[in-house]
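Contents: one structure, followed by commentary.
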Amino acid sequence: MRFTADTAALAQGLRAVAAIISPQNTLPALDGIAVDAESAGIVRLTATDLTTELTAAVPAEVTESGSLVLPAETLVALVARI
């Protein structure tokens, strides 16, 4: 997966979906944010607490589509540093 996105837009989307993540999750997968880079020029960021799911769409230039789940705290901190 490869994409280029505006840092401010990506950070805003990450903060929005990370707000749903509880710090006391019992399942490790619930601590992550799913990142899906689509060939249509959109990166979808998704988080869930098994009751509610929140998705943010960030415009991006996608050169290689793909998806992965990364720990929310790490991802938000990494993008904030850029």
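Taking a point 7 Å out from the Cα of residue 52 in the direction of its Cβ, the residues of the range 4-21 whose backbone N falls within less than 18 Å of it are 13-21.
The angle between the Cα long axis of helix 7-18 and the main principal axis of the chain comes to about 20°, on a 0 to 90 degree scale.
Taking the Cα atoms only, what angle lies between the long axis of helix 72-81 and the longest principal axis of the chain, rounded to 10 degrees? Once rounded, one gets 40 degrees.
Ranked highest first by average number of other Cβ atoms within 10 Å, how do 17-26, 58-67 line up?
So the peptides 17-26, 58-67, ranked by packing, come out 58-67, 17-26.
Note the listed values [x] -0.50, -0.71, -1.10; [y] -0.26, -0.42, -0.91; [z] -0.62, -0.76, -1.01, then indicate which one is log10 I(q)/I(0) by the Debye sum over Cα atoms at q = 0.11, 0.14, 0.21 Å⁻¹ calculated from this particular structure. Here log10 I(q)/I(0) by the Debye sum over Cα atoms at q = 0.11, 0.14, 0.21 Å⁻¹ agrees with entry [y]. For the chain, the solvent-accessible area with a 1.4 angstrom probe is 63 square angstrom per residue. Please give the net charge around residue 17, taking every other residue with its beta carbon less than 15 angstrom from that of residue 17, where Lys and Arg add +1 and Asp and Glu add -1. Neighbourhood net charge equals -3.
Carbon-plus-sulfur fraction of the accessible area of the chain, 1.4 Å probe, in percent? In the chain, the share of accessible area belonging to carbon and sulfur is 54 percent.
The values are calculated or read from the model by the stated rules, or taken from the named source; none is laboratory data. Predicted, not measured: the structure shown is a model, and the values here were computed from it. With ideal geometry, Cβ positions are generated from the backbone for all residues, glycine too; neighbour counts draw on all protein chains shown. Ligands, DNA and RNA are excluded from the accessible area calculation, which covers all protein heavy atoms including side chains. Shrake-Rupley method; radii C 1.70, N 1.55, O 1.52, S 1.80 Å.
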